[in-house]
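What follows is a single structure, written as structure tokens, with notes after it.
The values are calculated or read from the model by the stated rules, or taken from the named source; none is laboratory data. Because the structure is predicted, anything quoted here is derived from the model rather than measured. Here Cβ is always computed from backbone atoms with ideal geometry, including for glycine, and neighbour counts include all displayed protein chains. Surface areas here come from the heavy atoms of the whole protein model, side chains and all, with no ligands, DNA or RNA. Shrake-Rupley method; radii C 1.70, N 1.55, O 1.52, S 1.80 Å.
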Amino acid sequence: MSQGEVIILGGGPAGISALLWCHSLHLRGRLLERGEALGGQLLQMYHRLTDYPGLPGLLGVELRDRFVDHLAELALDWQAGCQVESVDLRSRTVRLAGEEISAEALILATGARKRSLGVPGEARLAQRGVSYSGTRDHTAYAGREVCVVGGGDSAIENCLILSRVCPRVTLIHRSDRFRARTSWLSAAEATPNIHFLPWTEVLEVVGDDQVEALRLRDRRSGDEYLLPTGAVFVKVGIQPNTDLFAGQLPLDPEGYLIVDGSQRTEAEEVYAVGDVTRPVCLSIATAVGHGAIAAKEIALRRLARSSV
């Protein structure tokens, strides 16, 4: 068993920030990322960033590259492609394939992933008409009539992007109340080839080798019917990556880790940062701030213990 001062699980913006701040605060940090590269959801951002201070116009992967360059400049300790087998939060022990690491503190930065519909045909037809990003895939389905499922900012943004290259875009939503920002919703309502289909849920994605239709249910009448479509873009939000911590920490009703203002969880010296905590504002800036707060709290608590 090797001993580490702070182990950070997750290599998105929150985890990277935590590692940098550990360095600044003279804490020995080690970051473990299960993916083959650092970046988290930055690797799935295909539009130009407009709201990250000082770096407008970058793609997600370009910002990731700058973050990684920063880590390399400081020769910080991080590893991608880690197969974490289990995590014991009480003992702050992480079991990897062939290695067990204990820590004085853990920072959970495992982030979130795109939420799927969970209906028959969805997984089977992924990338054969089922997409999770109109920003990335709009050119692949240009000229087709397509559907978007969801009611938030991302769903409306995808509708607007797809409407530029597709003759008809149908927005399917479970109610008639949309979470999207008013300006985007107004723009979609004013776009002639975007059609709203509220009070509707998707029961199945239909097709052999390609998406051919969606089986839908009208939630008011209960009627089921087929809607032909050339593709479906699933934009129904994200879900937190908390599988490793099942049964060890309380979750909120949506499955996110619960933290206080210092990013502390109920487990001693275990912190959670970024999208896994359901922040008020889902943004890179918030994730980066969370990483700094957690590292600072660890440093302050360590200082308090040494002063006793």
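Within the chain, the longest segment free of exposed loop sites, counting GluC sites (Glu not before Pro) that fall outside DSSP classes H, G, I, E and B and have at most 16 other Cβ atoms within 10 Å, spans 37-211.
Each label was represented as a point 7 Å from its Cα along the Cα-to-Cβ direction; for Ser186 and Arg113 these points are 3.9 nm apart.
Checking the a/c ratio against 1.5 first, then a/b against b/c, what shape does the Cα gyration tensor give for the stretch 153-230? Cα axes put the stretch 153-230 in the oblate bin. Given the rule -39500 (n - 2.57) for each run of at least 4 DSSP H residues, summed and divided by the residues of the chain, what is its mean residue ellipticity at 222 nm, to the nearest 500 deg cm²/dmol? Result for the chain, helices only: -7500 deg cm²/dmol. Restricting attention to the stretch 1-138, close to 35% of DSSP beta bridges with both partner residues there are antiparallel.
The value of relative contact order for the stretch 149-270, using C-alpha pairs under 8 Å at least six residues apart, is 21 percent. What FRET efficiency do you get for Asp208 and Ala140 if R0 is 25 Å and r is their Cβ-Cβ distance, rounded to the nearest 0.05? My answer for the efficiency is 0.85. Computed on the stretch 1-100, with alpha-carbon pairs under 8 angstrom and 6+ residues apart, the relative contact order is 27 percent.
The distance linking the stretch 115-194 with the stretch 225-240 is 7 Å (Cα centroid to Cα centroid, whole angstrom).
Could you tell me which chymotrypsin sites (Phe, Trp or Tyr not before Pro) in the stretch 166-212 are loop residues by DSSP with no more than 15 other beta carbons within 10 angstrom of their beta carbon?
Trp199
Between Asp51 and Ser175, the FRET efficiency estimated from the beta carbon spacing at R0 = 22 angstrom works out to 0.20.
Within the accessible surface of the chain, defined with a 1.4 Å probe on protein heavy atoms only, the carbon and sulfur portion equals 50 percent. Using 0.36 nm per residue and subtracting the Cα-Cα separation, the extra length available between Ser306 and Ala246 on full extension is 18.3 nm. With a 1.4 Å probe and all protein chains left in place, how much accessible area per residue does the chain have, in Å²? Ligands and nucleic acids excluded, the result is 49 Å² per residue.
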